[in-house]
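Structure first, commentary second.
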Amino acid sequence: MPFHDYMEWVLHDPEHGAYGSGRLSIGPRGDFATAPSLGADFAALLAPQVAQWLGLLPAEGPLALVETGPGEGQLAQQLAEALHAGWPELARRTELVLVEPNAGMAQRQRQRLHACPLPVRWTAFEALAGAPLRGVVMAHEVLDALAIERIERRADQWCRQRVVQTGARLSLEAGEPLDGPALEPLQSLGLLPLDGSRPPGWCTELHPGLEPWLAACGGALSEGWLLVIDYAHEARRYYAPQRSRGTLMAYRRQRASGDPLLEPGLWDLTAHLCLETVEAAARAGGWQPLGSCRQGEALLALGLAQRLHALQQEPASRLAELLQRRECLLRLVDPAGLGDFRWLAFHRGSPVSGQAPRPQPAPLFLSQPPA
Ligand SMILES: C[S@@+](CC[C@H](N)C(=O)[O-])C[C@H]1O[C@@H](n2cnc3c(N)ncnc32)[C@H](O)[C@@H]1O
């Protein structure tokens, strides 16, 4: 089968998929840790940004905080608590809307969010298209879970990789050649024409799921912001000749592997995003890119250093907890780890006709306001 279909299946099959079955668990004691799973400081730092965006929307009417791919539900719960505590007027108008296609994960989210201070519902982007919302969409480590197309250079052509089963053994092989419209993304990424620097066997990824995902997400929002936080590289780094195996990785029980065929349905599979591909797909879906930066820069702009410093004022009786929080805060900005994640902001929608145009938002985390 094509690698794309294999990845879709091992992650999202309702019975056998790692997310579909709800088998994967996220957190320092689970299969892999994400920023929100390290503690509530990440959401506390992000909350003023979300509140600023919500506050720029019309002063009356309902608002939505949408989280897509909420995993264990930590970020949703923590952001709802931070909004409720710090911006009660906004929180009174805000509904938490969760978009999670995997029933196994949604079940755990329901348990975590049973006492959420905001009204909560689970839905799909497509179901919102008839009555789109105003608000903010969060996509934290979600787009890296969309199935990718793995392609390989053979002699003078590009081929889709496929997964082949021989007895009990799985292997990757070059499959059908790419031609016609399938070659267009390679053209825009500078992989065509080839200058001979990609030898036979060189492989990488394409992201066919991004455009439909961003279009569906856009259809769910009449006006508002999308914040994508994920592993990402610029195209020149993503598709550099020396990155000959792409970015695909597998994670399970705090172990990482470059082999995507290990124990299908037990490992998380994830590929980085290409910044230019995300931006092009976002524009096609009606989103205006506002800019991007590294997580380290974003969190420092949002007050991480002050939060770190404030830990010193806390009573020494809570030393163990404070040391753990300090560790987590430093991990969030570690340039060799989570600090290298990218934050990408997008806006869509125009004011209702007859109203004065609203000012373009200057996200708190971007040092340069968008032009
Ligand atoms: C790597 S986990 C991230 C969880 C959480 N956002 C965090 O950072 O801890 C990916 C999440 O995205 C969900 N997911 C996978 N495909 C998705 C899709 N097409 N739309 C929305 N969510 C998806 C998975 O079920 C899982 O909840």
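The values are calculated or read from the model by the stated rules, or taken from the named source; none is laboratory data. Remember, predicted model here, so these are calculated numbers, not experimental data. With ideal geometry, Cβ positions are generated from the backbone for all residues, glycine too; neighbour counts draw on all protein chains shown.
Details
- Count - residues of segment 151-163 that are surrounded by 13 or more Cβ atoms within 10 Å (Cβ to Cβ) and over 29 Å from the mean Cα position of the chain (by Cα): 2
- One residue stands out in segment 261-312 among those that are in a helix (DSSP H, G or I) and basic (Lys, Arg): the one that is surrounded by the fewest Cβ atoms within 10 Å (Cβ to Cβ), namely 283.
- Hey, residue 223 away from the ligand (no atom under 16 Å from the Cβ) and over 17 Å from residue 146 (Cα atoms) or not: yes
- Residue in segment 11-28 that is assigned to a helix (DSSP H, G or I) and within 16 Å of the ligand (Cβ to nearest atom) present: yes
- Output for segment 242-260, where each listed residue is part of a strand (DSSP E or B) and farther than 20 Å from residue 152 by Cα: 251, 252, 255, 256
- From the options 104, 69, 73, 39, residue that is in the same structural domain as residue 134 (by TED's automatic domain parsing) and modelled with pLDDT under 95: 104
- The single condition among (1) part of a helix (DSSP H, G or I); (2) assigned by TED's automatic domain parsing to the domain that holds residue 50; (3) not small (Gly, Ala, Ser) that residue 117 does not satisfy is (1).
- Residues of segment 73-118 that turn out to be farther than 27 Å from residue 219 by Cβ and of a type in the set (Asp, Glu), as a count: 2
- Segment 120-159, subset of a type in the set (A, V, I, L, M, F, W, C) and assigned to a helix (DSSP H, G or I), residue nearest to residue 12 (Cα to Cα): 145
- Test: residue in segment 82-90 that is assigned to a strand (DSSP E or B) and touching a helix residue (DSSP H, G or I) at 6+ places or on another chain (Cβ under 8 Å): no
- Restricting segment 168-183 to residues that are modelled with pLDDT under 95 and either of a type outside the set (Gly, Ala, Ser) or loosely packed, with under 11 Cβ neighbours inside 10 Å (or both), the residue that is farthest from residue 201 (Cα to Cα): 168
- Screening the candidates 224, 190 for the property of being buried (at least 17 other Cβ atoms within 10 Å of the Cβ) and among the small types (Gly, Ala, Ser) yields one hit, 224.
- Leading residue by the ranking (nearest to residue 364 (Cα to Cα)) among those in segment 303-329 that are out of contact with any Gly (no Cβ under 7 Å at 6 or more places or on another chain) and touching a residue at least 60 places away in the same chain (Cβ under 8 Å): 303
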